[in-house]
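Reading through the structure tokens given below for one structure.
Derivation of every value follows stated rules applied to the coordinates shown; laboratory data play no part. Treat the numbers as computed from the prediction; the structure is a model and nothing was measured. Reconstructed Cβ throughout: ideal geometry from the backbone, glycine too, with neighbour counts over all protein chains shown.
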Amino acid sequence: MTFLSPSLSLIAAAIAVPALIILYFLKLKRRQVEVSSTLLWKKAIQDLQANAPFQRLRNNILLILQLIALIAALLALAQPELRRGPASGQRHVIVIDRSASMKATDGDPDAKDTARTRFDQAKARALELVETLREPGLLDASGDEAMLVVFDTTAQRVLNFTANKQELKGAINALTPTDATTRFAPAFATARAFAQPVAVEGRGIVTPGGGAAIHLFSDGRLPDLADLAPTADDRLIYYPVGNPKSWNVGIVGLRAERGLDDPNSLSIFISLQNSDTRPRTVDVQLAADGRVVAVREVSVPAARVETEPQAVNSQRLPGLAGVVFTLDRPDGGVLTLQLRHPNAQDDPAGRDVLATDDFGYLVVPPARRLAVALVTSGNLFLRKALEAQTLAKLDVYTPEQAATLFTDGRPTQPYDVYVLDSWLPNVASSEPNIGPTTAPTSSPSAASGPGLPAARVLAFNVAPPGRIGVVDKGPGEPTVVLKWERDHPSLRGLNLDALAVAPSRRIELPDRGSARVLAEGISGPLIVECSDPSRRALVVTFDLLNSGNWMLDLSFFLYVSQGLRAVADAGSDAGSLQAAPGGDVELILPPTATDARVALPDGSRTPLLVAPDGRAVFGPAVSAGVYTFSWLGPQGASDVLVEGRTRRAISVNLADSFESDLATAPPEAISASLLGASSGQDALATRALWPWLVMLAIAVLLLEWYVYNRKVTI
């Protein structure tokens with residue numbers, strides 16, 4: 001049993017109980033009366049004895065009944081409760097999951113309210129926990145305190161420790177879910193900072209604020225749970241929400257590619273996932289700029305349930321399927337994909353409970369044939385790979401002839417992409433890629449050495465210096481590719497196992513540089529992406545003649561083809577046209593852009609700050625959909641001009657297989673990974689006793705009234 005306000009009850013008892021008993025000790029002041037018979041003296045003497053002070057109380061039924069009623073009222077004032085699993089500790093960290101899976105509409109345990117989400121259920125249970133906290137009293141000023149943390153991809157501390165229940169309730173009610181994926185590690189680290197004991201010099205082991213229990217309200221869809229490092233001091237109470245039997249069919253992958261031989265041919269690839277234990281059939285609808293252009297029926301296999309010998313629970317492996325749309329579309333635009341469930345209302349097995357992954361968005365640039373300039377000393381394989389592309393123009397230059405292509409590192413010819421083989425032009429000292437600490441000079445025409453030109457470049461066997469380049473340390477060891485970025489547009493679908501470099505070069509990235517490693521070997525990066533507001537380049541740091549048979553392999557041809565498109569269509573002026581929910585959307589605008597703003601998927605607009613180098617960041621993008629950035633200024637290849645403003649659309653999609661699998665994790669799965677975890681399934685099951693005590697007090701008072709009137713009558 002727990003008393004929510006014991007101090008108030010004790011103060012009232014210290015006043016009321018003695019006052020009631022004193023009433024029975026008081027001596028009545030009586031009026032003198034002369035009587036004519038001595039027979040009445042006996043009664044008078046008995047009255048005097050009964051009202052004599054400090055005399056032992058007689059067995060008085062009225063006093064007993066009044067004491068019972070008073071004690072019941074005082075106990076009701078203390079607000080006693082019975083808890084099956086009381087929350088331990090005086091401080092509590094309330095951690096609420098607000099990721100995309102918490103938008104699933106199976107938050108009503110009775111399945112009556114089909115609009116109630118898991119997030120609604122989590123907030124309701126968190127409010128129940130707040131109600132059970134002990135409030136500060138006159139004798140106990142501490143009471144219970146709680147702080148509030150929410151998380152999706154990142155963690156946010158919403159409210160510091162407070163004993164104010166109304167403040168806690170207001171903060172919880174104000175929370176909203178997002179379309180972001182889940183990462184529990186940041187939230188767990190934030191909660192542990194306030195929950196674990198720490199060592200303080202001169203004070204020994206102390207706990208900030210007296211320690212805390214961590215209360216996790218989530219569906220348990222925590223992909224990084226195995227990466228946590230719990231200790232014996234961690235006390236985590238897990239409150240599962242949602243229905244473990246809920247199912248969902250969602251889009252978990254999508255991309256668009258133009259044909260290598262025909263850029264007008266646009267292919268859209270969609271991956272679907274089914275977490276139901278029975279096969280599902282859905283209609284996939286494709287719309288271009290708001291107009292439906294195709295509908296395809298797709299059957300998605302059922303999920304398989306596997307139980308490992310040592311597992312604490314069975315594992316559900318979702319069924320996968322895919323569909324491809326092919327359009328003849330030279331224009332760019334926004335593609336919208338939507339899943340529709342035929343006969344969903346008549347399905348006896350329930351409904352798809354998550355709508356977020358029923359939609360997908362793609363922004364595709366317009367088709368174009370590239371004009372390419374090749375600078376080489378005679379690499380036949382590279383030339384043939386370029387001639388096999390569908391290009392508008394391919395001009396070949398020797399290094400001696402290429403000097404006319406650039407002036408101080410800036411193009412003098414209108415080529416879309418420059419392919420540089422073992423050669424770099426001289427660039428002016430004012431260019432930011434010359435020397436990591438070299439300050440710009442007042443003479444932009446002063447050439448200071450080879451570097452990346454202010455253009456879109458596909459380079460081979462070079463090591464451009466500077467902040468956006470690399471540092472060449474000389475010859476390196478023979479190597480194969482140890483790892484590569486498989487999702488990068490230039491390397492998507494490539495198998496680089498056939499690439500062996502002998503010898504390689506020892507390449508390092510400069511301090512505070514912006515280069516990004518795409519493929520790495522023993523001695524360092526083999527393929528690097530370099531970019532800034534005026535240039536974008538994919539750099540192969542080794543000599544193609546030392547790459548074994550790679551130039552004869554299909555992966556080399558695909559790298560050249562995809563690399564051309566990557567630097568041309570997603571160049572420094574176009575930026576990435578896709579982003580993940582929960583993160584920041586970063587893009588590079590023209591340096592002269594002004595009055596930049598962004599339109600969110602819900603129709604609201606907000607100003608956008610642009611750095612002097614053209615970089616702009618908006619975030620976090622918590623909702624899936626299309627974000628439209630606009631500004632006054634020049635436009636790039638993927639931008640459009642509407643009503644005098646340049647616009648660029650960027651799509652944000654959930655597209656996460658783990659988040660779309662809605663199987664609520666049981667408490668055993670959480671406790672198997674976190675040693676101190678326990679189930680909070682019944683922790684909030686409390687029964688308030690004060691109403692019963694109030695009823696008892698009223699009943700006893702009625703009985704006392706009856707006895708009193710009965711005695712007077714007699």
Need one word for the range 371-569: rounded, prolate or oblate. Basis is the Cα gyration tensor (sqrt eigenvalues a ≥ b ≥ c); a/c below 1.5 gives rounded, then a/b vs b/c decides.
oblate
Per-residue HN-Hα couplings for the range 506-511, Karplus 6.51 cos²θ - 1.76 cosθ + 1.60 at θ = phi - 60°, whole Hz, x for Gly and Pro?
7, 10, 10, 8, x, 5
So how far apart, in nm, are the two label points at SER604 and ASN60 if each is 7 Å from Cα heading toward Cβ?
6.8
Would you list which aspartates and glutamates come within 12 Å of LYS483, measuring only between C-alpha atoms, while excluding same-chain residues fewer than 8 positions from it?
ASP497, GLU520
Classify the range 578-652 as rounded, prolate or oblate, taking a ≥ b ≥ c as the square roots of the eigenvalues of its Cα gyration tensor: rounded when a/c is under 1.5, otherwise prolate if a/b is larger than b/c and oblate if not.
prolate
Sequence of ILE270, ILE11 once ranked by neighbouring C-beta atoms within 10 Å, starting from the fewest
ILE11, ILE270
So, with points 7 Å from each Cα along the Cβ direction, the ASP108-ASP595 label distance in nm works out to 4.9
Neighbour counts of other C-beta atoms within 10 Å: give me HIS215, HIS341, HIS488 arranged from fewest to most.
HIS341, HIS488, HIS215
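Report the extension gain between GLN315 and ALA302 in nm, rounded to one decimal, defined as 0.36 nm multiplied by the number of residues separating them, less their alpha carbon distance.
Extending this stretch completely gives an extra 3.3 nm.
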Just to verify a number: FRET efficiency for LEU632 and GLU135, C-beta to C-beta distance, R0 = 60 Å, to 0.05?
0.60
Net charge contributed by nearby residues that have their C-beta within less than 14 Å of ALA515 (K/R +1, D/E -1):
-2
Exposure proxy ranking, count of Cβ atoms within 10 Å, fewest first, for ARG118, ARG192:
ARG192, ARG118
Would you mind checking which residues have amide H under 5 Å from THR281's amide H? H placed 1.01 Å from N; only 5 or more apart, or other chain.
VAL300
Under a 5 Å amide H to amide H cut-off, with H placed in plane at 1.01 Å, what residues pair with LEU254 once short-range neighbours are removed?
SER271
What are the residues whose amide H is under 5 Å from the amide H of VAL158, where those residues sit 5 or more places off or on another chain and H is modelled from the backbone?
LEU148, VAL149, VAL150
Can you give the charge dipole size of the range 371-569 about its Cα centre, rounded to the nearest 20 debye, using +1 on the beta carbon of Lys and Arg and -1 on the beta carbon of Asp and Glu?
200
With θ taken as phi - 60° and the coefficients 6.51, -1.76 and 1.60, list the Karplus ³J(HN,Hα) couplings across the range 514-528 in order, rounded to whole Hz; mark glycine and proline as x.
10, 5, 10, 7, 9, 9, 9, x, 5, 8, x, x, 9, 10, 10
R0 of 22 Å, Cβ-Cβ distance ARG351-GLU586: FRET efficiency to nearest 0.05
0.05
I need the calculated FRET efficiency for the pair LEU702 and GLU167, taking r as the beta carbon distance and R₀ as 45 Å, to the nearest 0.05.
0.65
Between THR281 and ALA19, what is the label-point separation in nm under the 7 Å Cα-to-beta-carbon projection?
7.8
